[in-house]
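Report on the following structure.
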Amino acid sequence: MSKKNAKIEKVLDISIDLLRQEGDFGVSMRKVATLTEMSLSNVQYYFKTKDHLLKAMADRYFQQCLDELAQQPELSSERELKAFISDLLSHVYEVSDMCRIFREYWAISTRNEAIEEYLLDYYRAMTRALIKIFKPLAKDDESVESAVAIFVPFVEGYSITAKALSVELDSMAESISVIVLKQLTS
């Protein structure tokens, strides 16, 4: 890795950690410069403004999430669907750092159009990936799109509320599997 790329990666690592720990308002160009042991002008050489930094953070973070999803094989049975949903719900239940980062990006998107577009692009890409994963079980294109349209908001909402719910994770996974399968096949 070149020195330039190493510096960029260091800035992004520190910035994402700041976002996770302190939220959007904790990420300042000066703080990032201090923590990376770089001058402010050096950080600004790579990222002209905080918006440029936020976009680069989103690019990197969202791509990591999409890469994980892209590794999932297409589903070919009801059993595989239930296992996939159970694994995903377990993941969002346990990975609070990921949820914190997404919450911050949702908050930022309410006042920053560029980040809003990045978030929308991420969800569009996520939807395409899920359609590909679910498609072998679907009756037709409309049913797979409908199943994904139910599944994504459920998972996103579950990632925020799961620990407050009295229903066990396994029961939720079973319920959403039944709903998604019905949408895929009817």
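Laid out as a table, the results:
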| read-out | value |
| --- | --- |
| All Cα pairs of the chain, percent lying beyond 21 Å | 56 |
| P(r), alpha carbons of segment 103-176 - 10 Å bins starting at zero, rounded % | 17, 38, 34, 12, 0 |
| Dipole of the chain, positive direction: furthest Cα of Ser177, Ala83, Thr36, with charges on the beta-carbon | Thr36 |
| Separation between Cα centres of segment 45-61 and segment 131-165, rounded to whole Å | 30 |
| Too-long pairs where the Cα-Cα distance tops 32 Å, listed order kept, from Lys132/Lys163; Lys3/Lys132; Lys55/Lys132; Lys55/Lys163 | Lys3/Lys132 |
| Linear extension gain, Asp17 paired with Tyr46, 0.36 nm per residue minus alpha-carbon span | 8.6 nm |
| Under 16 Å from Lys139, Cα to Cα: aspartates and glutamates that are on another chain or at least 8 residues apart | Glu74, Glu78 |
| Length added when fully stretched, Ser39-Glu116, from 0.36 nm per residue minus Cα-Cα | 24.8 nm |
| Share of carbon and sulfur in the accessible heavy-atom surface of the chain [1.4 Å probe, %] | 52 |
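The values are calculated or read from the model by the stated rules, or taken from the named source; none is laboratory data. Remember, it's a predicted structure, so these values are computed and weren't measured experimentally. A quick note on method: Cβ atoms are made from the backbone with ideal geometry, for glycine too, and the neighbour counts reach across all protein chains shown. Note: accessible area is taken over every heavy atom of the protein model, side chains too, but ligands, DNA and RNA are not part of it. Shrake-Rupley method; radii C 1.70, N 1.55, O 1.52, S 1.80 Å.
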